[in-house]
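In what follows, a structure is listed as structure tokens, so that the remarks can point back to it.
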Amino acid sequence: MRKADTTIKYVEPFSIAEEAGLEAGDKLVKINGHEFHDILEYRYLISEYEITIEVEKKDGAVEIITIESNYEDLGIEFREGLIDKAQSCTNKCIFCFIDQLPKGMRETVYFKDDDTRLSFLQGNYVTLTNMSDEEIDRLIAMHVSPINVSVHTTNPELRCKMLNNRFAGKCFEIMKKFKANGIQMNCQIVLCPDINDKSELERSLRDMASLYPYVNSISVVPVGLTAYREGLYPLKPFNSETSAETIDQVEKIQNEFLEKLGTRLVYLSDEFYVNAGREVPEADSYEGFPQIENGVGLMASMREEFDSAIKLIPDKKFSRHVVAATGEIAYDFIKSLAERIEKKANGVKIDVYAIKNNFFGGGVTVSGLVTGGDIIDQLKDKPKGDILAIPQSMLRDGEDIFLDDLTVDNVEKALGMPIVPIMNDGYEFIEKLIGCELEF
Ligand code: SF4
């Protein structure tokens with residue numbers, strides 16, 4: 001077992017922990033007489049009506065406190081978020097995006113996590129390759145659910161090859177064990193042409209569907225290839241033809257699953273539709289968007305909200321010039337929404353620009369990987385607007401920083417426009433572009 005740091009970093013105001021007298025710097029030593037070694041064990045132990053905790057105060061005094069928590073969270077954060085260090089992956093996947101990053105980025109970007117605790121707490125996807133039988137039994141005993149699994153293929157030999165790990169072939173067996181113990185799974189497949197597509201994809205989807213309803217959603221996303229692939233496994237990107245073939249194949253399987261299981265179960269990411277030159281499916285086809293956190297169904301979700309929100313634009317005269325930056329993949333989509341706003345909001349002018357991703361090069365076209373440097377280079381000679389609208393996903397989570405470490409402030413100063421980040425939300429999109437609230 002790894003070394004645990006159970007020192008409290010933060011106590012939420014008005015929380016159960018604050019009421020019990022816990023403070024930042026205290027160490028939570030035991031819960032109901034048990035030591036704990038990670039955030040999962042902590043969560044498991046506190047899920048009681050009443051708990052007794054042993055606390056080592058900052059001055060070294062030890063206190064025993066009984067708390068009636070009523071199954072609720074205590075409201076504390078630990079110095080180490082997971083209580084011990086995040087587990088890194090033991091694979092060398094042939095399609096790994098981190099292996100294709102340019103040199104010189106912030107060190108944390110290169111960290112390859114593969115930690116079931118992060119899957120449970122933050123929705124990260126894990127490969128299940130670095131877990132001992134004991135760890136799997138521990139997850140089952142604590143009923144950690146759901147777990148997000150990067151499956152890629154259910155063919156054991158192919159999975160060992162794709163993940164470059166001779167222990168990678170047991171994934172589907174572990175998933176069966178999870179099912180037998182009532183653990184839910186969301187699954188993803190990174191699809192690589194001529195590797196795990198076509199008949200292999202069919203096999204994987206059918207195998208996973210056999211675990212329904214414990215496998216409760218599957219996303220399929222195309223492999224992302226940057227220009228930095230020297231010495232790496234030769235892979236090719238999806239083109240319009242192979243994207244269209246994949247859509248046809250998956251739609252057929254979706255229809256079959258819908259008839260047999262009552263759900264499509266599997267969802268393709270937007271890139272396939274854009275690459276194939278096809279409309280993304282209607283929002284209903286995503287059945288509540290179970291994989292939206294994984295970027296699947298973003299356009300359909302946005303379009304559905306937009307269609308309702310556009311009716312709420314106030315009937316008045318506007319005077320506003322917006323510059324909007326987006327990744328190449330979303331350009332046509334964002335442009336079509338912008339044109340609809342221009343028609344409805346008299347006096348709003350929106351210039352949409354597709355920012356080519358020179359930082360990563362290759363075929364990287366998604367908005368979330370556009371850097372501040374590329375925005376500056378490609379917009380510096382363009383007419384200025386009252387604002388520069390960007391998708392929130394261009395910034396690091398919770399920070400005003402682009403992937404290349406340029407700050408929002410740096411880009412604003414370079415371009416002479418205030419930046420307005422916008423969530424993937426049709427209402428917010430319209431409000432921020434027209435510069436006023438919608439009339440509900
Ligand atoms: S699991 Fe594979 S794709 Fe993920 S970080 Fe590790 S090597 Fe890269």
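Since every read-out is calculated from the coordinates, none of them should be taken as a lab result. Model, not experiment: these values are computed from the prediction. Cβ atoms come from the backbone with ideal geometry, glycine included; neighbour counts cover every protein chain shown.
Quick look at the numbers
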quantity	calculated
Scan of segment 414-427 for residues that are outside any loop (DSSP other than H, G, I, E, B) and within 16 Å of Ala325 (Cβ to Cβ), ordered by number	Ala414, Leu415, Ile419, Val420, Pro421, Ile422
Candidate set: segment 75-105, residues that are part of a strand (DSSP E or B) and of a type outside the set (A, V, I, L, M, F, W, C); chosen: the one nearest to Asn148 (Cα to Cα)	Ser88
In segment 168-184, the residues that are surrounded by fewer than 23 Cβ atoms within 10 Å (Cβ to Cβ), away from the ligand (no atom under 16 Å from the Cβ) and not in a loop (DSSP other than H, G, I, E, B)	Phe172, Glu173, Lys176, Lys177, Lys179, Ala180
Qualifying residue in segment 318-328 (condition: basic (Lys, Arg) and over 28 Å from Ile376 (Cβ atoms))	no
Residue count for segment 185-230, restricted to those that are part of a helix (DSSP H, G or I) and hydrophobic (A, V, I, L, M, F, W, C)	4
Tally, over segment 80-112, of residues that are farther than 29 Å from Glu230 by Cα, of a type outside the set (Asp, Glu) and either touching a Gly at 6+ places or on another chain (Cβ under 9 Å) or buried (at least 17 other Cβ atoms within 10 Å of the Cβ) (or both)	2
All positions within segment 383-398 that are free of Cβ contacts under 8 Å to residues at least 40 places away in the same chain, surrounded by fewer than 19 Cβ atoms within 10 Å (Cβ to Cβ) and within 23 Å of Glu431 (Cβ to Cβ)	Gln392, Asp397, Gly398
Qualifying position, being more than 26 Å from Val250 (Cβ to Cβ) and more than 25 Å from the chain's Cα centre (by Cα), among Lys335, Lys344	Lys344
Listing of helices (runs of 4 or more DSSP H) fully contained in segment 106-167 that carry 2 or more residues being within 14 Å of the ligand (Cβ to nearest atom) and of a type in the set (S, T, N, Q)	116-122
Residue that is out of contact with any His (no Cβ under 9 Å at 6 or more places or on another chain) and closer than 30 Å to Asn196 by Cβ, where the choices are Thr127, Thr90, Thr66	Thr90
Test: residue in segment 343-358 that is surrounded by 17 or more Cβ atoms within 10 Å (Cβ to Cβ) and free of Cβ contacts under 8 Å to residues at least 24 places away in the same chain	no
